[in-house]
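The values are calculated or read from the model by the stated rules, or taken from the named source; none is laboratory data. As the structure is a prediction and not an experimental result, all values here were calculated from the model. Every residue, glycine as well, gets a Cβ built from its backbone with ideal geometry; the counts of neighbours run over all protein chains shown. Note: areas computed on protein heavy atoms with side chains; ligands, DNA, RNA excluded. Shrake-Rupley method; radii C 1.70, N 1.55, O 1.52, S 1.80 Å.
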Amino acid sequence: MNSANKIFFLFLIFSLSLFSFNLAAEDFEYRHVEGMRYRILSIVDQSVMINGTLSHTSQILNRIAVEVTGVNDGKGEHNATYQTSERVVFDSQQEGAQTAASVFQWETEYDSVFERDRLGYITIRPNFFMPMVRNVPVFTGRSLRPGDTWNTEAHEVHDFRDAFGIQEPYRIPFRAFYQYLGEREWKGTMYPAFSVTYNVETRPAAAVGRVHPVRISSTYNMTIYWDRENGLEKAYTGTSRITFEMSDGRILQFNGRSEAELIEAEIMNRPQLAAEIAEEITRLAITDVSVREVEEGVSISLDDIRFHPDSARMLPGEQQKLDRIAEILMRYPDRDIMVSGHTALAGTPAGRMSLSQARANAVAEYLLSRNVRAADRIVTRGFGAERPVADNRTEEGMRRNRRVEITILEN
């Protein structure tokens, strides 16, 4: 090969390699579509240590329902509801340190409205508590190749109202560090993936008259899987460690392992679903059961499910009624359900709330035993006497208010 040909050959190889290198680069950004609805389900396995000794372990189930209500100049306006439920798996204070619960009990619920731009930056009013982690992930606006790194400012927001008496959303800034990992597998499909790590440290102001954290520190490591087609996250996995150094000398440590997945949500045809269920109730000859559309979806009300007095033990024959309800619920396997307990206006508010929660748990446990849903597809909630459907001044009204409702959820 003469010198001219050799130079041309080397130039060709260089050009081809440069082309291949550029081909590996990819642009990432959020693509917001008005009317898109989806939900995010995440489970956190958490252990809680107090002064180095295990206190309890639990699972936290987060359900996030999101709708993109508008798009303007690439920014998507999001309406979101965040629901958190928890079940205690191990409690050192329990006799024999056995499992304390096997169903998820409703804990908190937040509504939020925010905008997110193409790169992932969030604009939100300061009074909203959710989303907790903001501006993660965000992108650079430049093409990325596997191995590329970048870092950005972000922050967390915590609800410390009940725990520490801090009434406003508590903001903790941090710097997030990213690396583009290339293609990674999530449940049998390959997705672009990014690692994200960050550390948090803050010293909150003293809360007058009560125990409070004097130092909060945490470390997070996560992998985010990106959905190219829809332009948003598909899933993430991660680990976290959060430490609270308290003013009374205690050290509380929360160690977590989390997994989350985004699922596109089909719009529920509530009138049709309610009519179908009502028809099935009639066909199966189930008595004292009614169906109605509610804000959360479609609710089946067991208006006269009977328990032993002041107890969550069902009377004989009630399980047969639940078997027929289970047959209906299994016709809609893609929808999660909420089981809520309600009481008449008798006893103390605390007693009513405790009893309604226990009865909701009892019904949910039975549905679990019938394989109606997996444990992470059912959440329970006790309302006490907060939502009466009849007059508590009459015996008939009190009977109707002592009920359990099973709601097929929109998201």
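Take the alpha-carbon positions of the stretch 174-215, form their convex hull, and give its projected area averaged over all directions (one quarter of the hull surface) in nm².
Result: a mean projected hull area of 4.9 nm².
Among Asp304, Asp310, what's the order by accessible area (1.4 angstrom probe), most exposed first?
Asp310, Asp304
Accessible area of the chain with a 1.4 Å probe: how many percent of it is carbon plus sulfur?
Percent of accessible area from carbon and sulfur atoms in the chain: 50.
If you place +1 on the Cβ of every Lys and Arg, -1 on the Cβ of every Asp and Glu, and leave all else neutral, what size is the dipole of the stretch 289-339 about its Cα centre, to the nearest 20 Debye?
So the dipole magnitude of the stretch 289-339 works out to roughly 220 debye.
Compute the accessible area per residue over the chain, keeping the other protein chains in place, probe 1.4 Å, unit Å².
51
Could you report the accessible area of Met36 in Å², rounded to 10, computed with a 1.4 Å probe on the protein chains as they sit in the structure?
Probe radius 1.4 Å; accessible area of Met36 about 30 Å².
Using modelled amide H (1.01 Å from N, peptide plane; none on Pro or chain starts), what sits under 5 Å from the amide H of Trp186, excluding residues fewer than 5 places away?
Tyr191
Would you calculate a helix-derived [θ] at 222 nm for the chain, using -39,500 (n - 2.57) for each DSSP H run of n ≥ 4 and dividing by the full residue count, to the nearest 500?
Calculated at 222 nm, the ellipticity per residue is -6000 deg cm²/dmol.
From the C-alpha coordinates alone, can you work out the Kirkwood hydrodynamic radius of the stretch 197-236, in Å?
By the Kirkwood definition, the hydrodynamic radius is 13.3 Å.
Just Ala390, Ala362, Ala235 to compare: in a GNM of the chain, with alpha carbon springs under 10 Å, which one fluctuates most?
Checking each option, the largest mean-square fluctuation is seen for Ala390.
Report, as a whole number in µm² per second, the diffusion coefficient that Stokes-Einstein gives for the stretch 86-208 at 10 °C and 1.306 mPa s using the Kirkwood radius over alpha carbon pairs.
Using the Kirkwood radius from Cα pairs, D works out to 88 µm²/s.
What whole number of Å gives the distance from the Cα centroid of the stretch 199-258 to the Cα centroid of the stretch 336-404?
So the separation of the two Cα centres works out to 33 Å.
Got a number for the accessible area of Glu168? Probe 1.4 Å, square angstrom, nearest 10.
Near enough 120 Å² of accessible area.
Just read off the accessible area of Val211 with the full protein assembly in place, 1.4 Å probe, to the nearest 10 Å².
60
Considering the Cα positions of the chain, please state its Rg to one decimal place and its Dmax as a whole number of Å.
25.9, 106
Suppose accessible area is computed on protein heavy atoms with a 1.4 Å probe; arrange Val214, Val294 from highest to lowest.
Reading off the accessible areas and sorting them downward yields Val214, Val294.
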